[in-house]
Amino acid sequence: MYEYAIAWDWLTFAMRWLHVITGIAWIGSSFYFVALDLGLKKRPDLPVGAYGEEWQVHGGGFYHIQKYLVAPANMPEHLIWFKWESYVTWLSGFGMLCMVYYAGADLYLIDPNVLDVSKTTAIAISLASIGFGWLAYDTICKSPAGRDNTKLMVLLYFILVGMAWGYTQLFTGRAAFLHLGAFTATIMSANVFFIIIPNQKIVVADLIAGRTPDAKYGVIAKQRSTHNNYLTLPVLFLMLSNHYPLAFGTQYNWIIASLVFLMGVTIRHYFNTRHADKGNPTWTWLATVLLFIVIMWLSTVPKILSGDEEAKVSAAQQPFVTAEAFPKVRDTVLGRCSMCHAKEPGWEGMVVPPKGVTLETDTEIANHAREIYLQAGRSHAMPPANVTGVSDEERQLLVAWYESVVNGGKVQ
């Protein structure tokens, strides 16, 4: 049974790798086409129906690209669709959500000090909130407010701020940031699946049938694509934030998340303006730096918790506390790991525990039993470079402790 933990860790790694690969492909193509669209130049000798063109050089060759605002007069023989990058990115991301935060809900999703609910309830809240994001966004886009891009983006921003605060009232800090990223990424991928690709298919069907396509489908698709462009960078920040407790584990984490969305807008505004040859808005870099400084300052404000601050040991992890070897394991962890994995790390230059993981109490050690087993038992990943001198005997102790509980059928 304990080999399951190793196999599961590799499967999680494979899913994460797939997510990164497809995410790079999606983001790369998205950024490229937005930059291409903004840089198009109108020429007097363009073909009928062509909106603009651009010459590019890459890889030793020249590319001559023309864009038709609605569609060309005839259906091209070979048409490349850009959609699977988005679909597989979302599917692999949802797979990661299931494998890490749903399968490990007791540890990664639920914080009893925030909201003490069952795993089933927490997962249901998670799924419902992600679905709500798309429905709310799509409804606003199709409403009269959707005709004004500025009003639409302001409304979307307030929804994101509200969700940032709401998620921190439901889940752990790490899960809150991850869910805000999933909430936003779902909107982006759903834009491709429900709006952009179907609209393009309508245009293609009209061409095949010999009808003149309606320009409105291209306008709608471009609006959604532009939204995706401005949301990409905040999503990347939120997905990477689980490695940085100063982002998710502080009192004003929801404000930090809200400011990250503004940073995404300022950065993309700079590049989009340059690509459109409409100036050089260097002020956006100053604004971005100032926002980041505010974020850094907010992360230093002490977190104030009410009630019992000690995490509650989950029922599934309780057998690790009662195991015969646990006293020796606790001594090993406290002696070799807790100088870093503490609320106030004792290691010079470290201000927060790595990934926000603390190993100072019995419940914290038990709740992280699987990670201790994989990181310090079966592998030598922790501590880095074995700076605290964990011996082979101590690593064997950690392995024997975890496997004795699992082999005894006390943990499924």
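The values are calculated or read from the model by the stated rules, or taken from the named source; none is laboratory data. Here the structure is a predicted model, which means the values were calculated and not measured. Here the Cβ is made from the backbone with ideal geometry for all residues, glycine too, and neighbour counts use every protein chain on show. Surface areas here come from the heavy atoms of the whole protein model, side chains and all, with no ligands, DNA or RNA. Shrake-Rupley method; radii C 1.70, N 1.55, O 1.52, S 1.80 Å.
Descriptive notes on the structure:
- Segment LYS355..TRP297, full-extension length gain: 19.0 nm, with 0.36 nm per residue of separation and the alpha-carbon distance subtracted.
- Candidate aspartates and glutamates - alpha carbon under 13 Å from LYS343, same-chain residues fewer than 8 apart omitted: GLU309, GLU310, GLU360, GLU364
- The fraction of accessible area contributed by carbon and sulfur in the range 124-200 is 72 percent, rounded to a whole number (1.4 Å probe; ligands and nucleic acids excluded).
- Using a Förster distance of 41 Å, the FRET efficiency for TYR32-VAL161 (Cβ separation, nearest 0.05): 0.85
- Per residue accessible area of the range 177-230, 1.4 Å probe, in Å²: 40
- Backbone HN-Hα couplings from phi across the range 130-147 [Karplus 6.51/-1.76/1.60, Hz, Gly and Pro as x]: 5, x, 4, x, 5, 4, 5, 4, 5, 5, 5, 4, 8, 7, x, 5, x, 7
- With the simple spin-label model, which puts each label point 7 Å out from Cα in the Cβ direction, the ASP45 to ASP277 separation comes to 1.7 nm.
- Shown here for the range 1-106: chymotrypsin sites (Phe, Trp or Tyr not before Pro) in loop regions (DSSP other than H, G, I, E, B) with at most 16 other Cβ atoms within 10 Å, namely TRP81, PHE82.
- Dipole magnitude of the range 111-269, debye to nearest 20 (Cβ charges: Lys/Arg +1, Asp/Glu -1, about Cα centre): 400
- Cα convex hull, the chain: 186 Å³ per residue, rounded to a whole number.
- Average accessible surface for the range 31-141: 58 Å² per residue, computed with a 1.4 Å probe over protein heavy atoms with every protein chain in place.
- Length gained on full extension, ASP148 to HIS380: 78.0 nm, using 0.36 nm per residue less the C-alpha separation.
- For the range 115-182 versus the range 1-72, the inter-centroid distance based on Cα atoms is 27 Å.
- Members of LYS119/LYS142; LYS67/LYS216; LYS142/LYS278; LYS119/LYS328; LYS42/LYS151 lying beyond 27 Å, as alpha-carbon distances in this model show: LYS119/LYS142; LYS142/LYS278; LYS119/LYS328; LYS42/LYS151
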